[in-house]
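The values are calculated or read from the model by the stated rules, or taken from the named source; none is laboratory data. Since the model is a prediction, treat every value here as computed from it, not as a measurement. No Cβ is skipped: glycine too gets one built from the backbone with ideal geometry, and neighbour counts run over all protein chains shown. Calculation scope for accessible area: heavy atoms of the full protein, side chains included, ligands and nucleic acids excluded. Shrake-Rupley method; radii C 1.70, N 1.55, O 1.52, S 1.80 Å.
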Amino acid sequence: MARKYFSLLARFLCLALTLLPLGAVAENLVPPPETTTAIAARRSVSASEIMIATANPLASEAGFAVLQAGGSAADAAVAAQMMLNLVEPQSSGIGGGAFLVYWDAETETLTSYDGRETAPAAATPDYWLGPDGAPIPFRQAVAGGRSVGVPGTLKVFELLHTAHGRLPWADLFEPTIDKAEAGFPISRRLATAIADAPDLADFPVARGYFFHTDGTPKPEGEILANPDFAATLRVIAAEGSTPFYEGPIGARIVEAARTAVNPGMMTRADLAAYQAKERIPVCLDYRVWEVCGMGPPSSGALTVGQILGILSAFDLTAIGDTPQAAHLFIEASKLAFADRARYMADADFVDMPTEGLLDPAYLGARARLIDPLRTMGVATAGEPPREHPEEFTSDRPRPRKGTSQLVIKDRFGDMVTATTTIETGFGSRVMVDGFLLNNEMTDFSFVPEENGVPVANRVEGGKRPRSSMAPTVVLHRGAPVLLTGSPGGANIIPYVAQALIAMLDWNLDPQVAIDLPHVVNRNGDTEVEEGPEAAALIAALSARGHVAEAADLNSGLQVIQIDGPLLRGATDKRREGLVLGE
Ligand code: DON
């Protein structure tokens, strides 16, 4: 949330873009049919049939070419994800996990797909405890095979393609195979990430790929070829995911994860047992919209939903983008993060009060805990309605870096929003067959219990670590009006919630909405995005009792807004994404 004058500027920009009075921009984002042509002619955005926004121009181009060739959103998602693996290897890829939310226009249904990593079967709750019984430091846990969860990205994209693909699977790999063989220019973001990750050079395969032989990091603009990845993708293009989960690629993954430092315990049986899962999306009625996303094992939709559900008690449209809105957003975030820490984990393992957490009466009661004039300090978890009360102790949050986001709409009306990750930048640093393996095991709680009371998100064999990823679809009268999502670790939740408030409550153009300076609070101190407005907002929040400081809040939001027949795309200025539409 920004200060008032920023809001006025944003609204002015929005107004200038639309050349319409604000009131004429449809309250529900779906203008009546007779006005849409006029808006298309007067608004400086492309009226489009197809659109894609991803975190990297080469990935957007790969997906867009698929859409232009008559491919589906699912086809484009596969092509874009493979390209992201090549050109943004630090963030996502087949060595990691992903969540997808998919709109099927023909059946008018929303489905979510869970490609989250799983813990090896042999993993036990003391996984992250050192010999002294204390949790080992996070940084020490990341690098090496022990942090690697059984990867799910390839399986979940294959599942999506089997269900909704139109073009042949093999064709979707060609652009990335070509680029991996010919080489691609290292982007600024990748170059910076290599230079900022000195421990990457401790891992010989990664060192050989990302560093020169004299040890210097490869710089922006240098052409980087990845023949190992091209060879891997050729096999997967021809044979599907089987060689990865049950064949020679899998054997090499297991071998690579047995690093000298922090050796992993993943076996070939763990890989063979991996399943991507179709799950019912988690949805919340928010004013005139339905906000839907990824349920457990992600905490994304539930925590975003709790923040919005709590804020339903306040007229955010009237309050506008002001320090008061920031105060309410922080308080709602604290309450939601308190519940997240206590209750949210893999619901296949833990008896989670999924419905109770979004119960309107419960959220109304939580909203009444907010003092409009003063912060509550630290929030405590509530008691959501639930059938089988199980005692959990809360875990502790930790910030992360990495991850990628894509949003796609095809000419058939099908849409997908995907958040995909190898967890922290460069994941476990373990590289095999041209791709990096994740460190998603560090998304589990390092502390398994306190005073005999278990943490819901403790490590267990076969369990999926709790995520914050929040690929989101907003529906109005049963049809999608917004697709969004972001990287950012646990900050994904406030990034997405804030973008939704800006687009829904403040009716801001998507680009203006995601450009707003962020404010995040995960039930601790508040962080306000660095920038010209930060000092004044911090002062206004301090007056309400908040402890707030400026921080680099590096979201990577992507948005497609479906406004009748119009598509408006937006990509986060904080990263190097590209929107393409036609
Ligand atoms: O699943 C999660 O919530 C995290 N592993 C995502 C990590 C992330 O977004 C890092 N981003 N910049």
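Among the conditions (1) at pLDDT below 95; (2) open to solvent by less than 10 Å² (accessible area, probe 1.4 Å), R116 misses just one, which is (1).
Given the criteria on the phi > 0 side of the Ramachandran plot and in contact with a helix residue (DSSP H, G or I) (Cβ under 9 Å, 6 or more places away or on another chain), does F446 qualify? No; evaluated as a whole, the condition is false for this residue.
Exactly one residue out of L100, L84 is within 16 Å of the ligand (Cβ to nearest atom), in a strand (DSSP E or B), in contact with a helix residue (DSSP H, G or I) (Cβ under 7 Å, 6 or more places away or on another chain) and in contact (Cβ under 8 Å) with a residue 12 or more places away in the chain, and it is L100. State yes or no: is F435 in contact (Cβ under 8 Å) with a residue 12 or more places away in the chain, among the aromatic types (F, W, Y) and within 23 Å of H161 (Cβ to Cβ)? Yes, satisfied. T442: among the hydroxyl-bearing types (S, T, Y), surrounded by 18 or more Cβ atoms within 10 Å (Cβ to Cβ) and within 16 Å of the ligand (Cβ to nearest atom), yes or no? Criteria met by T442. Only a single criterion out of (1) assigned to a helix (DSSP H, G or I); (2) open to solvent by 20 Å² or more (accessible area, probe 1.4 Å); (3) β-branched (V, I, T) is not satisfied by V261, namely (1). The residue that is farthest from G564 (Cα to Cα), among those in segment 480-492 that are part of a loop (DSSP other than H, G, I, E, B) and in contact with a helix residue (DSSP H, G or I) (Cβ under 7 Å, 6 or more places away or on another chain), is G488. For the condition within 18 Å of N56 (Cβ to Cβ) and modelled with pLDDT of 95 or more, T162 does not qualify. Applying the set (1) buried (at least 23 other Cβ atoms within 10 Å of the Cβ); (2) closer than 30 Å to V282 by Cβ to I194 leaves exactly one unmet item: (2). Please report, ordered by residue number, the helices (runs of 4 or more DSSP H) entirely within segment 285-370 with at least 2 residues that are small (G, A, S) and farther than 27 Å from T420 by Cβ. The helices (runs of 4 or more DSSP H) meeting that bar are 323-343, 360-367.
Yes or no, residue by residue, for (1) within 17 Å of M83 (Cβ to Cβ); (2) in contact (Cβ under 8 Å) with a residue 24 or more places away in the chain:
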position: A182; (1), (2): yes, yes
position: R189; (1), (2): yes, yes
position: D196; (1), (2): no, yes
position: H212; (1), (2): no, no
position: T216; (1), (2): no, no
position: I223; (1), (2): yes, yes
position: F229; (1), (2): yes, yes
position: R234; (1), (2): yes, yes
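Considered as a group, the residues in segment 407-439 that are of a type in the set (F, W, Y) and either open to solvent by 10 Å² or more (accessible area, probe 1.4 Å) or not in a strand (DSSP E or B) (or both) include one that is farthest from the ligand (Cβ to nearest atom), and that residue is F412. None of R252, R234 is surrounded by fewer than 16 Cβ atoms within 10 Å (Cβ to Cβ), under 29 Å from the mean Cα position of the chain (by Cα) and assigned to a helix (DSSP H, G or I) except R252.
Kindly establish whether L557 is at pLDDT below 95 and either basic (K, R) or touching a helix residue (DSSP H, G or I) at 6+ places or on another chain (Cβ under 9 Å) (or both). No; evaluated as a whole, the condition is false for this residue.
With respect to the conditions (1) touching a Lys or Arg at 6+ places or on another chain (Cβ under 7 Å); (2) farther than 27 Å from A98 by Cα; (3) of a type outside the set (F, W, Y), A345 lacks only one, and its number is (2). Among what's in segment 453-479 and is within 15 Å of the ligand (Cβ to nearest atom) and part of a strand (DSSP E or B), pick the residue that is farthest from D104 (Cα to Cα). Checked segment 453-479; the qualifying residue farthest from D104 (Cα to Cα) is S467. Looking only at residues of segment 369-406 that are surrounded by 22 or more Cβ atoms within 10 Å (Cβ to Cβ) and within 16 Å of the ligand (Cβ to nearest atom), we find that the one that is modelled with the lowest pLDDT is R400. Scanning segment 324-340 turns up no residue that is polar (S, T, N, Q), touching a Lys or Arg at 6+ places or on another chain (Cβ under 6 Å), farther than 29 Å from R116 by Cα and open to solvent by 10 Å² or more (accessible area, probe 1.4 Å).
The listed residues are L224, L308, L284, L233, and the only one of them that is in contact with a Phe, Trp or Tyr (Cβ under 8 Å, 6 or more places away or on another chain), at pLDDT 95 or above and under 30 Å from L369 (Cβ atoms) turns out to be L308.
Report yes if V520 is within 16 Å of the ligand (Cβ to nearest atom), touching a residue at least 60 places away in the same chain (Cβ under 8 Å) and in a strand (DSSP E or B), otherwise no. Considered against the rule, which asks whether it is within 16 Å of the ligand (Cβ to nearest atom), touching a residue at least 60 places away in the same chain (Cβ under 8 Å) and in a strand (DSSP E or B), V520 comes out as yes. When you look at R466, is it in contact with a strand residue (DSSP E or B) (Cβ under 8 Å, 6 or more places away or on another chain), open to solvent by 10 Å² or more (accessible area, probe 1.4 Å) and touching a residue at least 60 places away in the same chain (Cβ under 8 Å), yes or no? Yes.
Selection of segment 147-184 for residues being touching a His at 6+ places or on another chain (Cβ under 8 Å) and open to solvent by 30 Å² or more (accessible area, probe 1.4 Å) yields only W169.
Checked against (1) farther than 29 Å from T118 by Cα; (2) open to solvent by 60 Å² or more (accessible area, probe 1.4 Å); (3) acidic (D, E), D228 passes all but a single condition, namely (1).
Selection of segment 103-128 for residues being in contact with a Pro (Cβ under 6 Å, 6 or more places away or on another chain) and in a strand (DSSP E or B) yields W103, L110, S112.
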